[in-house]
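Input: a single structure, listed below in structure tokens.
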Amino acid sequence: MHSRSLVQDLVQDIRVSVRTLSRAPLLTTTIIATVGLGIGATTVIFAAIDAALLRPLPYVDPGRIVRIYTDSPPNKFHFSVADYQALQAQQTHFEQIAGYTTREMTFSDGSVAERLRGRVVTWTYFSLLGIRPALGSGFAESDGRPGSPPAVMVSHRFWQERLGGRPDAIGKPVRLDGVDHRLAGVLPPIVGPLEQRPHFFVAAQWDTPRRKGPFFITALGRLRSESERSLASDELHEINRRLFPIWRASYQDERATWSMMDLKVYVVGDVRTIAGLALAAVGLVWLISCANASNLLVARVTSRRRELAVRVALGASRLRVVRYLLSESAVLACAAAVVGIVLARVGVGLLRDFGADYFPRTAEIGLSGSVRWVLLALTAASVALFGLIPAMHGTGGALDDSLRSAGRSSTGNVAVRRLRRVLVASQFAIATPLLIVAGLLAASLHQLARVDLGFDTENVLTGSILLPDAQYEEPGRVAAFWNELQNRVEALPGVTAVAFSDGRPPNDVGNFNNFDLEEYPTRPGQSQPVTPWVAVTPEYFKLLGLTLVEGRLFDDRDGRGANVESVIVDRAWAKRFFPNRSALGKRFREGGCTTCPWTTVVGVVSDVKYAGLDKPDDGSVYWPMAGRGNVVPIEAATTRFRYLIVRTDRDAMAVLPSVRRIVRDLDPSIPLSSVALIDDLVATSLQSQRSLSMLIAALAIVALVLSTVGIYGVMAYYVQQHAKDISIRLALGGGPADVLHLVVGQGMKVVAAGVALGLLAAVSLTRLMASLLFGVSRTDAFTLTCVCALLLLTGLLACYLPARRAIGLEPAAVLRQE
């Protein structure tokens, strides 16, 4: 019976609360919108963190899957074919070993040719991860033997969009890079994070290598059991020790060993700082919105003290009144949760669509069970944060005092004013570090955008071309294609220069090579230096406008033989290795090879960014790519893949249709891919930092607005409650300046206290984001000063408006009303 009465009371309280709140639409809408924004944003960020960091990978028994790598601190290198084959043959503590490498290939159906991202994987790859094909039988061991007919598995999307979703496609040929691959299977629609972006997976057929490198294989292993983890680690070290003497002629890093990490750690990467920063930011906005709601409700409850006192006088217990007030807060919080759910769904969709390039596992983000629990917890916490304080305040104090108080004429309770000021100060204290973080990220982004690439980026168009091995086996045909392409593109109106390379700034360089200087050989057990290596045709330097510092540029003497013996380095490379001497004529051996011919530096040019805008200038090496008229390629891979680089004297995108038409006329089966202006590549390289900065800045603006509204509300209420006192002061001869000083001074004390506390908190908290900053200190004085000035100015404006209202009071009219 008692529980039934409680339910009835609760239902009645909710009805009354809804009716009462509907009479205050501005307050109700403000609280629901601001708290809903805080709940929704926090839910979205937690959903991303849950998908990336908290949930296990969607593979069979993922805790036993590890990535195996070459550990040469501070670097973690991929495996070579020699490494992988030795590991596969000698290991005993892994249930299975697999490897993969990313590769783009040209798919052609006879009418359309397009360059798509794919993977070359060992035949054990899918069985190691526990992925069963939706169609077909998958790879067999025979598919991985060199010389076997090539086989491929495709994604479910590829099968539907390019193969028509036909079940009879299994076993039929799929043409990749001009070669027919037998379709062995189709993946299921829902796959793990490693398989979400590639369109196809070609069965690897790796021959026995002649040297240790190159290093391009991501090696995976499934442990037989968790208990064998330490034994497997010891075995990896032992296999590496046995392997080192065999390949010493091509690899001298005796200090390097083999190690392993959980696959989840590798997939997720270093996003904990970004994720933590984003979660802290949205959490702070939620706290500010709750503090603002509490502030508004305290003012509302204060104006209703007589009503509440009457309820008590008529027999309602204090607990009953508290329950009634909490029901109002619960109604507001539930409505805010509805708004939060809508915002969360929209935010999750945006993260899935646009977040994949800078946050892992975005395809798995959703409002899962744990996310829904967090949403529920946020709603309950919101009730507590902005409901308990007004409820306890509204039922406190003596009954007679409340009954005698006249809501409009009362000068207000000192405790109430103190409470509201504390709430507003806490809003500014929370908003301050959020604004400082946003300011530091914006300053860092500004510094990155100002980084000099080393050349004029205007009107430079780039695109990649890969010539299929099957169709371009003859070196003469390869050279003829590049020569004809260059001649035709150069003849286009508006084109001023054409060149080729195998990399492009600011961070599209796949070749980072190690080398050993003749004069300063690497000490035994130490790692050789590594820098970007870019193969270029002789026209490249003039096209980009690089300055020749000393020596010469490439000419027809370079790039003709089987071995590359001449290179050009940039100024940063020369300063790094020969700081007080000329680098001309210096020699080194590249790739860890001890028997290769010496490579000689023939020129030094100005610097260009290849490893990323935020990376230090450690130097770059240019090696010659066979240019026009050179019919003998350096290497097949280098020759068949090139970036076409075109400079124009007008809008570069205007010549793109003509360039595409030339490529299509030369060979309809070859697409021009990865087309972009250099300016666009720079903008893309900043996208991750820009997105994070925009997110934090948007939240900081919300925090600033809420804090400003909070101090405005407090001071407006102060003027309202002290209208009689202010009128008496004005009637007795007080000037407007005195009233202005009184009101503004009261408000600015609150603002200054909150900003000071927030500044102290920010100095400590920004230590956690030091790794995200570039060219700016976490205690950057300019940023801290600007943020504090902004907060103080907005606070001053919010206080000034009510003060202007106080100055405009008519003492006689106010005193007559009293």
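The values are calculated or read from the model by the stated rules, or taken from the named source; none is laboratory data. Keep in mind that what you see is a predicted model, and the values were worked out from it rather than measured. Glycine also receives a Cβ, built like all others from the backbone with ideal geometry; neighbour counts cover every protein chain displayed. With ligands, DNA and RNA removed, areas are computed over all heavy atoms of the protein, side chains included. Shrake-Rupley method; radii C 1.70, N 1.55, O 1.52, S 1.80 Å.
Conditions tested, residue by residue: (1) modelled with pLDDT of 90 or more; (2) touching a His at 6+ places or on another chain (Cβ under 6 Å); (3) in a loop (DSSP other than H, G, I, E, B); (4) crowded, with 20+ Cβ neighbours inside 10 Å.
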{"site": "Ala626", "(1), (2), (3), (4)": "no, no, yes, yes"}
{"site": "Pro633", "(1), (2), (3), (4)": "no, no, yes, yes"}
{"site": "Leu644", "(1), (2), (3), (4)": "yes, no, no, yes"}
{"site": "Val659", "(1), (2), (3), (4)": "yes, no, no, yes"}
{"site": "Arg664", "(1), (2), (3), (4)": "yes, no, no, no"}
{"site": "Ser674", "(1), (2), (3), (4)": "yes, no, no, no"}
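When the stretch 53-82 is filtered for residues that are assigned to a helix (DSSP H, G or I) and in contact with an Asp or Glu (Cβ under 8 Å, 6 or more places away or on another chain), the ones remaining, listed by number, are Gly63, Arg64, Val81. Picking from residues in the stretch 610-624 that are surrounded by 22 or more Cβ atoms within 10 Å (Cβ to Cβ) and closer than 22 Å to Leu686 by Cβ, the one that is modelled with the lowest pLDDT is Tyr610.
Would you point out the residue of the stretch 233-256, among those that are buried (at least 18 other Cβ atoms within 10 Å of the Cβ) and in contact with a strand residue (DSSP E or B) (Cβ under 6 Å, 6 or more places away or on another chain), that is modelled with the highest pLDDT? Checking each candidate, the answer is Leu236. Determine the pairs where a residue that is assigned to a loop (DSSP other than H, G, I, E, B) and of a type in the set (A, V, I, L, M), located within the stretch 558-581, has a partner that is surrounded by fewer than 16 Cβ atoms within 10 Å (Cβ to Cβ) and at pLDDT below 95 with Cβ atoms under 8 Å apart, the partner being 6 or more residues away or on another chain. Final answer for the pair search is Ala562/Val632. Check whether at least one residue in the stretch 494-511 is assigned to a helix (DSSP H, G or I) and over 27 Å from the mean Cα position of the chain (by Cα), and report yes or no. Checked the stretch 494-511: no residue is assigned to a helix (DSSP H, G or I) and over 27 Å from the mean Cα position of the chain (by Cα).
Table: residues versus (1) of a type in the set (Lys, Arg); (2) touching a residue at least 40 places away in the same chain (Cβ under 8 Å); (3) under 21 Å from Gln196 (Cβ atoms).
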residue	(1), (2), (3)
His93	no, yes, no
Asp109	no, yes, no
Thr124	no, no, yes
Pro167	no, no, no
Val179	no, yes, no
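Among the residues of the stretch 181-234, the ones that are more than 21 Å from Gly118 (Cα to Cα) and touching a helix residue (DSSP H, G or I) at 6+ places or on another chain (Cβ under 6 Å) come to 4 in all.
Among the numbered conditions (1) surrounded by 23 or more Cβ atoms within 10 Å (Cβ to Cβ); (2) in a helix (DSSP H, G or I), the only one that Gly454 does not meet is (2).
Number of residues in the stretch 144-185 that are under 26 Å from Arg64 (Cα atoms) and more than 32 Å from the chain's Cα centre (by Cα) equals 2.
When Asp168 is tested against (1) in a helix (DSSP H, G or I); (2) farther than 25 Å from Ser108 by Cβ; (3) open to solvent by 10 Å² or more (accessible area, probe 1.4 Å), just one condition goes unmet, and that condition is (2).
Here is a yes/no grid of residues against (1) under 27 Å from Leu243 (Cα atoms); (2) among the polar types (S, T, N, Q):
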position: Val44; (1), (2): no, no
position: Asp50; (1), (2): no, no
position: Pro62; (1), (2): no, no
position: Ile65; (1), (2): yes, no
position: Pro73; (1), (2): yes, no
position: His78; (1), (2): yes, no
position: Gln96; (1), (2): yes, yes
position: Arg103; (1), (2): no, no
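The residues on offer are Val437, Val460, and the sole one that is open to solvent by less than 50 Å² (accessible area, probe 1.4 Å) and within 30 Å of Ala281 (Cα to Cα) is Val437. Of Thr531, Thr594, all but one fail to be in contact (Cβ under 8 Å) with a residue 40 or more places away in the chain and in a loop (DSSP other than H, G, I, E, B); the exception is Thr594. Candidates in the stretch 534-571 are the residues that are under 30 Å from Ser72 (Cα atoms) and open to solvent by 10 Å² or more (accessible area, probe 1.4 Å); of these, the one that is modelled with the lowest pLDDT is Asn563.
Does Ala442 fit the bill of being at pLDDT 90 or above, within 30 Å of Ser606 (Cα to Cα) and open to solvent by 20 Å² or more (accessible area, probe 1.4 Å)?
yes
When you check Ser685 against the structure, is it among the polar types (S, T, N, Q) and closer than 30 Å to Ser111 by Cα, yes or no? No: the conditions fail for Ser685. Of the residues examined, Thr42 is one that is open to solvent by less than 60 Å² (accessible area, probe 1.4 Å), within 24 Å of the chain's Cα centre (by Cα) and among the polar types (S, T, N, Q).
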